[in-house]
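None of the figures in this text is laboratory data; all of them are computed from the coordinates on show. What you see is a predicted model; the values in this text were computed from it and never measured. Reconstructed Cβ throughout: ideal geometry from the backbone, glycine too, with neighbour counts over all protein chains shown.
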Amino acid sequence: MTNTNERLRTLPLTVSNPAFLVDGTDAQFRLLIHRLLAFVGSLDAVRAGLGSMIGLSGAQYTILVCIAHLEGEHGVGVKEVASHLNYTGAFVTMETGRLVKLGLLEKQPNPNDKRRVLLTITGKAYQLLSGLAPHQQRINDTLFATLDRDGFSSLLTISEGLMKDSRSAQLLVEYLAGAGVKVTEPGSP
């Protein structure tokens, strides 16, 4: 049985930035992380649901919508889609291949670099996305109902910084894991 002293012990702080410490603790920071994780989970479920409404996985739906918004007059490259979504180029290539087979995307050689392709949505994809739009609007309005114009503007700015910071943190954790950093129980070999 765990004694009272063990249950009341305090874990070390998970952040050192004074801006994230309230009354000397990281409790509010951890609350933020847990809320963000819950939001990401809900966002992922919404994405999967929207994708399923048009017969796609959540990732395929995201890639299709991204291409539709970024393609412009000539199409968009895999590298740009991957960068925009923070996916790997290999993943985008694999999923766009599936979307081509479904008749939702077209690939054309990039006139500036024959080794690369430009992606555009097809008429079929346009029809699916147009049919989904009223449901997408209702869902997105519900998902972000808390925000007003100023809140939306602030979140947009904050999300840009968080994307940059998250990429740096991801590289740091990959570096540490690759360097063999392991945390084990005290006294274990």
Using θ = phi - 60° and the Karplus curve 6.51 cos²θ - 1.76 cosθ + 1.60, what whole-Hz ³J(HN,Hα) does each residue of segment 94-106 get, with Gly and Pro shown as x?
4, 5, 5, x, 5, 5, 5, 4, 7, x, 9, 10, 10
Selection from ALA59, ALA177, PHE29, by position along the positive dipole direction of the chain (Cβ):
ALA59
From the phi of every residue in segment 123-133, what ³J(HN,Hα) in whole Hz does the Karplus formula 6.51 cos²θ - 1.76 cosθ + 1.60 yield, where θ is phi - 60° and glycine or proline is x?
x, 4, 5, 4, 5, 4, 5, 5, x, 7, 3
When a/c is below 1.5 the answer is rounded, else prolate if a/b is larger than b/c, else oblate, so apply that to segment 73-189 with a ≥ b ≥ c taken from the square roots of the Cα gyration tensor eigenvalues.
oblate
With θ taken as phi - 60° and the coefficients 6.51, -1.76 and 1.60, list the Karplus ³J(HN,Hα) couplings across segment 113-121 in order, rounded to whole Hz; mark glycine and proline as x.
7, 5, 6, 10, 10, 10, 9, 9, 7
Built amide H within the under 5 Å cut-off of LEU56, gap 5+
none
Hey, rough spin-label estimate for LYS79 and ARG115, points 7 angstrom out along Cα→Cβ, what's it come to in nanometres?
0.9
5 Å is the cut-off here: which amide hydrogens, built 1.01 Å from N in the peptide plane, fall below it relative to ARG116, excluding neighbours closer than 5 in sequence?
ASN110
Pairing the Cα long axis of helix 27-53 with the longest principal axis of the chain, what angle in degrees results, from 0 to 90 and rounded to the nearest 10?
20
Candidates SER42, SER153, SER16; GNM for the chain (alpha-carbon contacts under 10 Å) flags as most fluctuating SER16
Divide by every residue of the chain the summed helix terms, -39500 (n - 2.57) for each DSSP H run of at least 4, and state the resulting mean residue ellipticity at 222 nm, rounded to the nearest 500 deg cm²/dmol.
-20500 deg cm²/dmol
Looks like segment 83-129, by Cα gyration tensor root eigenvalues a ≥ b ≥ c and the a/c under 1.5 rounded cutoff (else prolate when a/b is bigger than b/c, oblate otherwise), is oblate
Of THR157, THR10, THR96, which is farthest towards the positive pole of the chain's charge dipole, taken about the Cα centre with +1 and -1 on the beta-carbons of Lys, Arg and Asp, Glu respectively?
THR96
With Cα atoms, 0 to 90° folded angle of helix 58-70 axis to the chain main axis:
60
Loop-only check: which chymotrypsin sites (Phe, Trp or Tyr not before Pro) in segment 97-152 are DSSP coil with at most 14 other Cβ within 10 angstrom?
PHE144
Cα centroids of segment 10-78 and segment 103-181: how far apart, whole angstrom?
10
Can you give the FRET efficiency for ARG98 and LEU13, using 1/(1 + (r/R0)^6), R0 = 41 Å, r = Cβ-Cβ distance, to the nearest 0.05?
0.40
Let me check against my output: what whole-number percent is the relative contact order of segment 25-135, with C-alpha pairs under 8 Å and at least 6 apart?
22
To the nearest 0.05, what FRET efficiency results for ALA45 and TYR126 with a Förster distance of 30 Å applied to their C-beta separation?
0.70
Identify the residues of segment 46-86 with backbone N under 19 Å of a label point that sits 7 angstrom from the Cα of ALA177 along the Cα-to-Cβ direction, or state none.
86
Most packed first (mean Cβ within 10 Å per residue), the peptides 131-142, 101-112, 170-181 order as 101-112, 131-142, 170-181
Hey, for a label at ASN140 modelled as a point 7 Å past Cα toward Cβ, could you say which residues of segment 156-184 have their backbone N under 16 Å away?
156-157
Could you check which residue among ILE33, ILE54, ILE67 shows the biggest mean-square fluctuation in a GNM of the chain with a 10 Å Cα cutoff?
ILE33
